[in-house]
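Written below as structure tokens is the structure these notes are about.
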Amino acid sequence: MALVIITVIIIYFILIAWTWQSLGSMEKTKKMVFILVGIVLMYLVTLVVFRTTKGNIEYQNREIQKSIQSVIVAICTGINGMIVMPQIGKIVDKINENEIEKEQVIKRCFLLIVVFMICLIFESGYMKDTQAGILKVYHSVQ
């Protein structure tokens with residue numbers, strides 16, 4: 001479990017540093033708000049994906065489900081954030097610096113959404129397989 005916690009800390013450290021850097025010269029408080037809101041939104045999206053992939057997987061009890069959900073959602077939230085947040089940060093920075101036109105913003109946002117949706121499709125399969133694998137190991141230990 002310690003390895004999982006260390007991995008999650010590293011993922012979030014990279015996410016925060018990369019997004020912070022991508023936001024350029026924006027005020028520190030605005031950067032913090034951007035990062036906090038981004039992580040919360042990524043958490044909500046990841047939680048929805050987890051809940052939809054849970055489907056017909058039956059857990060022994062609620063505690064096991066909560067533990068597995070916490071670990072998978074924490075890791076995938078950080079990864080999802082790394083896919084989206086630094087890119088949005090770069091777009092926001094270019095908007096603030098008046099370096100990008102509205103048409104470019106729309107194109108980049110559309111492309112980012114398409115890439116993120118493709119990632120979520122793969123992630124949903126990964127989450128389902130991971131849940132089933134963890135439960136298989138759990139049942140074999142008992």
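Note the count of lysine pairs whose C-alpha atoms are less than 26 angstrom apart in the stretch 2-141, limited to pairs 8 or more residues apart or on different chains.
21
Let me have the 222 nm mean residue ellipticity of the chain computed from DSSP H runs of 4+ only, each contributing -39500 (n - 2.57), with the sum over all residues rounded to the nearest 500.
That calculation yields -31500 deg cm²/dmol at 222 nm.
Taking the dipole about the Cα centre of the chain, with the C-beta of Lys and Arg at +1 and of Asp and Glu at -1, give me whichever of Tyr43, Asn61, Leu15 is farthest to the positive side.
Asn61
Would you mind working out the magnitude of the charge dipole of the chain relative to its Cα centre, with +1 at each Lys and Arg C-beta and -1 at each Asp and Glu C-beta, to the nearest 20 Debye?
Dipole about the Cα centre, nearest 20: 200 debye.
Percent of alpha carbon pairs in the stretch 1-77 separated by more than 22 Å?
37
Have a look at Val84, Ile121, His139 and report the one farthest towards the positive end of the charge dipole of the stretch 51-142, computed about the Cα centre with Cβ charges (Lys/Arg +1, Asp/Glu -1).
His139
So, in nm, how far is label Lys94 from label Lys54 when the simple model puts each one 7 Å beyond its Cα toward the Cβ?
It is 3.9 nm.
Relative contact order for the chain using alpha-carbon pairs under 8 Å, separation at least 6, rounded to a whole percent?
37
Restricting things to alpha carbons, find the Rg to Rh ratio for the chain using the Kirkwood radius for Rh.
1.06
Would you work out the charge dipole size for the stretch 99-142 about its Cα centre, treating the Cβ of every Lys and Arg as +1 and the Cβ of every Asp and Glu as -1, and quote it to the nearest 20 debye?
180
Every number here is computed from the coordinates shown, using simple stated rules; none is lab data. Note that the coordinates shown come from a computational prediction; the quantities given were computed from them, not determined experimentally. For neighbour counting, all protein chains shown are included, and Cβ atoms are generated from backbone atoms with ideal geometry for every residue, glycine included.
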